[in-house]
Amino acid sequence: MSQGVEVVGLYVRDHDEALAFYVEKLGFRVHTDVRNGDYRWLTVQHPDQPSFQLGLFTPGPPVLDAETAQTLRAIVAKGAMPPLVLNVDDCRAAYDRLRARGVEFTQEPVDRYGNVDAGFRDPSGNGWKMIQARR
Amino acid sequence: MSGVPPSQDPELLRRLLRAKDRMDAASHENWPVRRLARVSGVSEAHFARSFKQAFGIPPHRYLLTRRIERATALLRDTDLPITEIAFDTGWESLGTFGRTFRDITGESPSAIRVRGRAAAQELGRVPACIVSAAHRPDLTIAVSEKRRRVAGDINGSSEKEVL
């Protein structure tokens, strides 16, 4: 596919912490990790989704001024960023696996109309829903 | 008091969020300040004020909105008797539940049950876990204050406040 959304970014509080979480705990892969001085372009990918990258960005210079960056860090830490959704084949199995790895779950798996969903947060505060769709 | 309060440390906010998440996950449980403060790793003395500054609502009132949100979902999505919903969502008596529910939503649990079912179809494409948050009551003032204002209206008070 040559057209479509390729990268969507999240704000995280620390690159290395986010990288460890998304790769070691969630099982994503690093797609790009390049630095230029203080700037770091870091994206990860779901192993089944090669055409999409999730960007892990820290708010700060040189892109943002210190006050704006501080505001964004606060917003992320308050869990006020919009919801993210991860589709899984088996929500309960994924819950057990991720929880054993130390993922901070905010909601245990719940059945809703044949779907099963659970909720977790990344270390920065970004909230994910993990959904097993009815089939 | 005026002006913008000093911004809170993101590390503190992240820990306060944990207390909020815990209330979300188990809103039927009792959440005294001591318990919440422990989750956030802050002193009891600072917890309520820090929480309110972070989320714009005192922790106890936040818990009420979550209970009402859950009760509303159960009224809409299940056939459970209202008494059972009251106890399941953390109230100690049906009377308190009904009164608080009406104070916050402006309607009785049974009226919400009828209306919620009619409206449920429209949101079918949105993940259910996210829909329920959209139905969370916006409790910008204390329940006691809301009650007082309504009583004022009934008594013919000419004072009208925009809520």
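For the residue pair B:D79 and B:S110, what label-to-label distance in nm results when each label sits 7 Å from Cα along the Cα-to-beta-carbon direction?
Modelled inter-label distance: 1.8 nm.
Can you compute 3J(HN,Hα) from phi for each residue in the stretch A:5-19, using the Karplus curve 6.51 cos²θ - 1.76 cosθ + 1.60 with θ = phi - 60°, rounded to whole Hz and x for Gly and Pro?
Result, rounded to whole Hz: 6, 10, 10, 10, x, 10, 8, 10, 7, 8, 4, 5, 4, 5, 4.
Modelled label-to-label distance, B:R61 and A:E17, 7 Å Cα→beta-carbon offset: nm?
So the label points at B:R61 and A:E17 sit 3.0 nm apart.
Grab the beta carbon distance between A:V8 and B:K52, set R0 = 41 Å, and tell me the FRET efficiency rounded to 0.05.
Details: r = 32 Å, r/R0 = 0.79.
Here the calculated transfer efficiency is 0.80.
Please state the Cα pair-distance histogram of the protein assembly as shown with 5 angstrom bins from zero: what percent is in each bin?
Binned Cα distances yield the sequence 1, 5, 10, 13, 15, 15, 14, 11, 8, 5, 3, 1, 0, 0.
In whole angstrom, note down how far apart the Cα centers of the stretch A:1-69 and the stretch B:84-100 are.
Distance between centres, Cα-based: 45 Å.
When you look at the Cβ of every residue in A:104-111, what mean number of other chain Cβ atoms sits within 10 Å?
Counting Cβ atoms of other protein chains within 10 Å of each residue's Cβ and averaging gives 3.
Just from its helices, what would the mean residue ellipticity at 222 nm be for the protein assembly as shown, if runs of 4 or more DSSP H residues each count -39500 (n - 2.57) and the sum is divided by every residue, rounded to the nearest 500 deg cm²/dmol? Walk me through the numbers on the way to the answer.
On the way: 12 runs with 132 residues, N = 298.
Roughly -13500 deg cm²/dmol at 222 nm, from the helical runs in the protein assembly as shown.
List the lysines whose Cα lies under 19 Å from the Cα of B:K146, skipping any in the same chain that are fewer than 8 positions away.
B:K52, B:K160
Under 5 Å between amide H atoms, partner at least 5 residues away or on a different chain: which partners does A:Q53 have, H built in plane at 1.01 Å?
For A:Q53, whose amide H was placed from the backbone, the distant partners under 5 Å are A:V7, A:V8.
Peptide B:9-15: average number of partner chain Cβ atoms within 10 Å per residue?
Mean inter-chain Cβ contacts per residue within 10 Å come to 6.
Quantify how strongly other chains surround peptide A:69-81 by giving the mean number of their Cβ atoms within 10 Å of each of its Cβ atoms.
The per-residue average across the peptide is 5.
Picking from B:T96, B:V126, A:A80, whose Cα lies most toward the positive end of the charge dipole for the protein assembly as shown (charges on Cβ: Lys, Arg +1; Asp, Glu -1)?
Farthest towards the positive end: B:T96.
In whole Å, what are the extents of chain A along the principal axes defined by its C-alpha atoms, from largest to smallest?
If we take the Cα atoms of chain A, the spans are 47, 36, 26 Å.
How far apart, in nm, are the 7 Å Cα→Cβ label points at B:S7 and A:E67?
With each label placed 7 Å out from Cα toward Cβ, I get 0.9 nm.
Readers should treat all values here as calculations from the given coordinates under stated rules, not as data from a laboratory. Note that the structure is predicted; figures quoted are calculated from it, not measured. Cβ sites come from the backbone with ideal geometry, for glycine too, and all protein chains shown count toward neighbours.
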